[in-house]
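A short write-up of the structure that comes next.
The values are calculated or read from the model by the stated rules, or taken from the named source; none is laboratory data. Just so you know, these numbers come straight off a predicted model, no measurement behind them. Every residue, glycine among them, receives a Cβ derived from its backbone with ideal geometry; neighbour counts consider all protein chains shown.
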Amino acid sequence: MPNRLAAEKSPYLLQHADNPVDWHPWGPEAFDRARVEDKPVFLSIGYSTCHWCHVMERESFQDPETAGLINEVFIPVKVDREERPELDNIYMTVCQMMTGQGGWPLTIFLTPDKKPFFAGTYIPRKKSFGRMGLLELIPRIRELWKNQRPELVSSAEELVSLLKKAGREETGEDLDGSVLELAYRALAQDFDDEFGGFGKAPKFPTPHNLLFLLRYYQRSGKTFALEKVEKTLQAMRRGGIYDHVGFGFHRYSTDEKWLVPHFEKMLYDQAQLALAYTEGYLAARNEEYRRTAEEIFAYVLRDLAEPAGGFHSAEDADNEGEEGKYYLWTEAEIRRALDPAETDFVLRTFNLEKDGNFIDPLTGEKNGENILHLQGLLSEPEHRERWEQARITLFHARTRRVRPFQDDKILTDWNGLMIAALARGAQAFGHPAYAEAGKKAADFILKNLRDPSGRLLHRYRDGQAAIPAQLDDYAFLILGLYELYEATFEVRFLEKALELCDRTVKDFCDDQAGGFFLTTRDAEELLIRPQEFYDGATPSGNSVMALNLLRLGRITANPDFETRAQAIGRVLSREARQSPSAFTFLMMAVDFAVGPTLEIVVAGNPQGEDTREMLQTLRNEFLPGAVIILRPIDEENPGITRLAGFTRDLKSQEGRATVYFCQNCRCELPTTDPRKVRELLSVFNKDTGPACKSPAQK
């Protein structure tokens with residue numbers, strides 16, 4: 001019989017609905033039952049595309065003996081970390097405090113009042129290699145709960161006390177340009193000069209590191225920063241972490257060479273890597289980066305797009321019980337799919353071996369399966385054309401395999417990142433279709449993921465939107481709406497961004513220390529009201545809000561926005577100076593705040609060829625320190641003048657598209673000459689002087 005998870009919408013929870021474990025979703029029913037039955041709570045947190053979550057389910061949660069023991073001793077609760085990131089944040093912090101490490105599946109034992117007394121990640125069914133299994137651990141917990149409960153409760157309360165103290169940081173000084181130099185040095189020290197990327201295995205893409213380095217390169221002119229970005233972009237694109245046949249990136253590489261991936265594909269990785277390759281193209285003019293970004297977009301629009309709008313969350317690493325089976329190729333499979341000449345070309349180009357280059361993680365041996373990867377980029381046009389024909393054939397052959405499971409829930413925060421990437425791609429590459437896809441997703445979110453009061457909701461699936469939105473939902477969607485405004489100049493997107501920004505300040509702001517909490521003021525009461533500042537697999541909502549506030553403040557001349565952005569920096573001042581590479585998206589906000597910055601207003605007919613040429617001139621440049629506004633001249637009362645009042649008197653000259661430049665609070669004479677625009681941009685890109693003080697800084 002299905003358990004209580006059968007009524008849920010989360011694909012992850014539904015994967016466990018037929019377990020013999022008597023799972024409860026997180027909620028009052030579970031904890032009320034724990035109090036009534038005087039049992040601890042077995043909390044298991046994971047997500048639908050997590051390989052080791054699947055392993056633990058198959059091994060333990062589907063096993064009647066283990067399930068019976070769990071049900072006897074505990075009230076079992078299952079949580080989808082992607083639906084409830086605040087719970088994951090709190091209990092992952094607990095796990096790291098107790099064990100020094102974290103990861104998923106996350107296993108926590110709680111008292112009925114939600115206080116943790118045990119933490120771990122994957123736990124085998126039986127004792128293995130010195131690691132206690134559930135069949136040994138659970139009886140031990142039962143004995144402790146019965147005979148030594150005061151000690152368990154005391155340790156849980158002490159841990160909660162430490163958890164609360166850990167969130168209290170005294171504010172420091174404002175972050176300035178010196179921290180940008182510290183961040184660069186930290187990244188340079190951690191950079192892998194041989195294979196690109198940062199650190200050793202496992203190696204994550206961490207796109208915001210690359211986005212920061214591109215800004216640092218532009219600011220400093222130090223080519224070493226750009227070289228680190230390019231080495232990483234090229235190594236990832238060549239490696240097995242990239243799906244050469246179907247496009248898109250896998251989540252991370254298990255080795256330092258980017259060869260053997262963990263095969264799941266996440267929407268947030270596609271979005272952030274598309275941004276990194278797009279900005280890499282603008283900064284370095286390498287067409288390979290453009291092609292890579294376009295291929296990422298092709299994958300997302302083909303495989304993750306919801307027809308009504310929005311994007312699905314992820315694709316699994318496993319299919320048919322094996323990790324990576326969908327993506328691996330034997331030499332025989334290649335030969336069956338292609339003619340002999342093309343087979344030899346593909347085997348040689350993508351380094352396939354007869355015995356295989358993929359080592360089975362269970363046996364530790366090669367089994368003839370290969371991960372496609374390149375030694376060098378396909379730089380010659382004829383090689384690219386030849387590969388494209390072979391790739392299409394292999395792609396169609398691969399579609400006959402059993403596809404990995406797709407988590408088709410739509411998350412507001414991850415969609416915000418994807419909207420931002422599509423909007424930036426539309427600008428950089430001149431592809432209106434990307435902007436249209438971003439608009440469709442934004443409209444879907446704004447229509448379907450809001451409650452009657454106008455607040456955002458976090459998750460949509462199967463016709464139902466639910467779960468109050470958290471900070472990342474607001475921050476990432478604001479980022480997407482801002483980028484969508486610059487891609488389309490539809491004022492409604494800027495209006496929505498400002499509306500959501502005001503809501504974020506009202507509902508999430510820490511009025512005492514500064515910065516933002518993850519949850520709203522009236523959210524469910526948990527052990528603590530969590531905050532997240534580190535930029536991890538995704539940037540923190542605080543870092544993204546800092547950049548949002550600065551850019552929106554610059555467009556609307558709202559000093560309160562800039563004051564709040566400064567406050568985020570002060571909260572993190574000490575930590576950011578000690579570990580700046582853990583805050584690289586925040587460093588992007590600091591880079592903008594420090595300047596030089598540029599406000600550009602184009603006054604012209606939005607449909608006019610001269611206006612389009614002028615805008616494309618701007619979009620062809622890498623201008624992370626610029627805000628760009630279109631002031632239409634063919635409208636009686638253009639909406640932008642309500643939001644950016646200073647544009648009201650900016651008119652076109654002689655009916656031609658006219659550009660107004662203001663750099664560091666110093667304005668140039670307007671120009672209608674694209675050559676003059678390029679000249680001014682060239683001067684700006686060489687300017688490393690400090691920005692003028694905003695009203696908030698004076």
Query raised in the report: Regarding residue 43, is this residue touching a residue at least 60 places away in the same chain (Cβ under 8 Å), part of a strand (DSSP E or B), aliphatic (A, V, I, L, M) and not assigned by TED's automatic domain parsing to the domain that holds residue 536?
Result: yes
**Report entry** Per-region count, region 430-453, residues within 15 Å of residue 469 (Cβ to Cβ), within 22 Å of the chain's Cα centre (by Cα) and charged (D, E, K, R)
**Finding:** 1
**Report entry** Tabulated pairs, region 552-574, first more than 18 Å from residue 180 (Cβ to Cβ), second in a helix (DSSP H, G or I) and of a type in the set (Asp, Glu), C-beta under 6 angstrom, 6+ apart or interchain
**Finding:** 553/562
Query raised in the report: Only one of these conditions is not met by residue 412: (1) of a type in the set (Ser, Thr, Tyr); (2) over 19 Å from residue 474 (Cβ atoms); (3) touching a His at 6+ places or on another chain (Cβ under 6 Å). Which number is it?
Result: (2)
Report summary line: For residue 147, the lone unmet condition from (1) within 30 Å of residue 569 (Cα to Cα); (2) loosely packed, with under 15 Cβ neighbours inside 10 Å; (3) in the same structural domain as residue 29 (by TED's automatic domain parsing) is (1)
Query raised in the report: Which pairs do you get when a residue that is farther than 19 Å from residue 82 by Cβ, found in region 53-65, comes within reach of a residue that is of a type outside the set (Ser, Thr, Tyr) and in a helix (DSSP H, G or I), reach meaning Cβ atoms under 6 angstrom, with the pair 6+ apart or on two chains?
Result: 60/134
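So, residue 298, is that one of a type in the set (Gly, Ala, Ser), in a helix (DSSP H, G or I) and buried (at least 24 other Cβ atoms within 10 Å of the Cβ) or not? Outline the logic, then answer.
Working: of a type in the set (Gly, Ala, Ser): yes; in a helix (DSSP H, G or I): yes; buried (at least 24 other Cβ atoms within 10 Å of the Cβ): no.
So residue 298 does not fit the description; no.
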Requested in this report: Collect the residues in region 398-417 that are of a type outside the set (A, V, I, L, M, F, W, C) and surrounded by fewer than 15 Cβ atoms within 10 Å (Cβ to Cβ), keeping them in residue-number order.
Outcome: 399, 400, 401, 403
Query raised in the report: Tell me, which residue of region 1-21 that is farther than 24 Å from residue 312 by Cα and in contact with a strand residue (DSSP E or B) (Cβ under 6 Å, 6 or more places away or on another chain) is modelled with the highest pLDDT?
Result: 21
**Report entry** Residue among 347, 352 that alone is in contact with an Asp or Glu (Cβ under 7 Å, 6 or more places away or on another chain), surrounded by 16 or more Cβ atoms within 10 Å (Cβ to Cβ), part of a loop (DSSP other than H, G, I, E, B) and aliphatic (A, V, I, L, M)
**Finding:** 352
**Report entry** helices (runs of 4 or more DSSP H) enclosed by region 135-222 - at least 1 residues per element that are of a type in the set (Asp, Glu)
**Finding:** 149-166, 177-190
Query raised in the report: Would you pick out the residues in region 301-336 that are farther than 30 Å from residue 443 by Cβ and surrounded by fewer than 19 Cβ atoms within 10 Å (Cβ to Cβ)?
Result: 319, 320, 321, 322, 325, 330, 331, 332, 333, 335, 336
Requested in this report: Count, please, the residues in region 483-534 that happen to be buried (at least 22 other Cβ atoms within 10 Å of the Cβ), farther than 22 Å from residue 171 by Cα and aromatic (Phe, Trp, Tyr).
Outcome: 2
Query - Which listed residue, of 309, 364, is in a loop (DSSP other than H, G, I, E, B) and under 21 Å from the mean Cα position of the chain (by Cα) - result: 309
Query raised in the report: Can you name the residue in region 569-614 that is β-branched (Val, Ile, Thr), at pLDDT below 95 and part of a helix (DSSP H, G or I) and, of all such residues, is surrounded by the fewest Cβ atoms within 10 Å (Cβ to Cβ)?
Result: 594
Query - So residue 66, is it modelled with pLDDT under 95 and farther than 21 Å from residue 149 by Cβ - result: no
Query raised in the report: Which members of region 116-136 meet the condition of being buried (at least 21 other Cβ atoms within 10 Å of the Cβ) and not hydrophobic (A, V, I, L, M, F, W, C)?
Result: 116
Report summary line: Of (1) surrounded by fewer than 23 Cβ atoms within 10 Å (Cβ to Cβ); (2) out of contact with any Gly (no Cβ under 8 Å at 6 or more places or on another chain); (3) assigned to a helix (DSSP H, G or I), residue 395 fails just (2)
